[in-house]
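Derivation of every value follows stated rules applied to the coordinates shown; laboratory data play no part. Remember, predicted model here, so these are calculated numbers, not experimental data. Because the Cβ atoms are built from the backbone with ideal geometry, glycine has one as well, and the counts that use them run over all protein chains shown.
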Amino acid sequence: MRLNGYGFTSFDAIHSNMMQAGPNVLLNLGSGEILEFKDTTIDKLQPSQFELPIDKSAMSLSFSDDQARVVAPSEAVAAGATYIVVGRPITEAPDPAAEAQAILSQIASYQPTAS
């Protein structure tokens with residue numbers, strides 16, 4: 001259950017807004033909104049059943065650990081890479097789609113040398 005936009009950042013906060021109403025559980029979402037879970041009890045609702053937004057209040061943006069290119073994509077493939085992360089060469093290119101295609105072509109044309 002996604003609860004984005006309701007101010008919940010923990011299951012404890014969700015749990016404290018639940019109320020058993022006969023065979024159902026009511027969750028007070030605030031602003032007069034109530035979510036009803038039919039035929040269940042509060043103890044059966046678990047954190048893994050809820051998807052919450054990430055609490056970004058304690059996060060700060062830092063570029064001090066910014067990554068720089070270590071090797072070209074073809075060199076990464078030659079070194080045995082299974083996954084390659086490419087960001088700025090594509091997003092900052094005048095034609096991002098063409099740049100992405102050029103990188104894919106470079107990777108696709110890699111031919112391992114016989115040992």
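Report the Rg/Rh value for the chain, based on alpha-carbon coordinates and the Kirkwood definition of Rh.
Rounded to two decimals, Rg/Rh equals 1.27.
Could you work out [θ]222 nm for the chain from helices alone, using -39500 (n - 2.57) per DSSP H run of at least four and dividing by all its residues? Round to the nearest 500 deg cm²/dmol.
The helix contribution divided over the chain gives -6500 deg cm²/dmol.
Would you kindly state the longest site-free stretch of the chain, with sites defined as chymotrypsin sites (Phe, Trp or Tyr not before Pro) in a DSSP loop (not H, G, I, E, B) surrounded by at most 11 other Cβ atoms within 10 Å?
Value returned for the longest uninterrupted segment is 1-62.
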